[in-house]
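The values are calculated or read from the model by the stated rules, or taken from the named source; none is laboratory data. Note that the coordinates shown come from a computational prediction; the quantities given were computed from them, not determined experimentally. Methodologically, a virtual Cβ is constructed for each residue, glycine included, from the backbone with ideal geometry; neighbour enumeration extends over all protein chains shown. Heavy atoms of the whole protein, side chains included, go into the accessibility calculation; ligands, DNA and RNA do not. Shrake-Rupley method; radii C 1.70, N 1.55, O 1.52, S 1.80 Å.
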Amino acid sequence: MRSDTALLEAEACRSVAPYAGTGRRPVPRYRQRRISARQLVLEGGRRALHTVRWRTGSKGPLRSRFAALRVRPAGVRIRRAYAGGELPVCWLLAEWPPGEPEPTKYWLSTLPGDIPLRRLVGLAKIRWRIEHDYRELKTGLGLDHFEGRTWSGWHHHVTLVSVAHAFCTLERLNPKAPAAA
């Protein structure tokens with residue numbers, strides 16, 4: 001997500017302006033000012049950061065500093081999608097590496113409010129696993145080898161590749177499967 005994404009604090013609530021007696025009656029709105037994700041994390045400051053180790057990489061443990069805040073997304077599209085209703089409360093996760101003047105990466109998540117920070121960071125940083133699986137689908141299982149011309153043929157091909165990938169994943173995770181020599 002972008003650092004200039006408009007957000008409201010989680011405690012923000014809708015209110016109705018007093019009716020002036022003429023014209024349309026006021027509708028409930030969020031009257032609090034919207035603030036960018038960057039500014040919200042900067043206001044929390046470095047004291048709100050927690051160092052989290054999310055996995056072990058090829059050069060040792062991967063760790064960085066993160067801030068996690070409960071917010072309500074307040075962009076135009078989401079306000080239109082929830083017109084007349086409460087905006088959802090979600091997590092704003094920001095990575096602020098040591099030595100950087102400000103946060104470098106931001107994520108929004110609808111995971112439950114009681115999720116541990118380490119789990120939240122682990123799920124946000126799982127991109128490497130997705131890229132690895134996609135590479136395996138393309139190179140090892142032939143996802144990119146389809147040369148047909150029909151929509152049903154494409155679906156048939158993708159379904160077979162997906163089933164093959166699911167089988168390979170289950171075999172890799174099976175503790176009783178014999179190790180490859």
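Restricting Leu123, Leu141, Leu117, Leu111 to those that are modelled with pLDDT of 90 or more and over 24 Å from Trp54 (Cβ atoms) reduces the list to Leu141. Of the residues that make up the range 21-36, is at least one among the small types (Gly, Ala, Ser) and touching a strand residue (DSSP E or B) at 6+ places or on another chain (Cβ under 9 Å)? Yes - at least one qualifying residue is present in the range 21-36. Scanning the range 80-108 for residues that are over 15 Å from the mean Cα position of the chain (by Cα), more than 14 Å from His50 (Cβ to Cβ) and touching a residue at least 40 places away in the same chain (Cβ under 8 Å) returns Gly84, Glu86, Leu87, Glu102. Within the range 43-74, being open to solvent by 50 Å² or more (accessible area, probe 1.4 Å), under 26 Å from Ala12 (Cβ atoms) and of a type in the set (Lys, Arg) holds for Arg46, Arg47, Arg70.
Restricting the search to helices (runs of 4 or more DSSP H) fully inside the range 112-181 and requiring at least 2 residues that are open to solvent by less than 100 Å² (accessible area, probe 1.4 Å) and without any contact (Cβ under 8 Å) to a residue 12 or more places away in the chain gives 127-135, 151-173. For the range 96-108, the count of residues that are touching a helix residue (DSSP H, G or I) at 6+ places or on another chain (Cβ under 7 Å), outside any helix (DSSP H, G or I) and exposed (fewer than 13 other Cβ atoms within 10 Å of the Cβ) is nonzero.
Only a single item in (1) touching a Leu at 6+ places or on another chain (Cβ under 8 Å); (2) of a type in the set (Val, Ile, Thr); (3) more than 24 Å from Val121 (Cα to Cα) is not met by Val27, and it is number (1).
Condition check ((1) under 22 Å from Gly85 (Cβ atoms); (2) loosely packed, with under 11 Cβ neighbours inside 10 Å) across all residues:
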position	(1), (2)
Ser3	no, no
Ala6	yes, no
Ser15	yes, no
Ala20	no, yes
Arg24	yes, yes
Val27	yes, yes
Val41	no, no
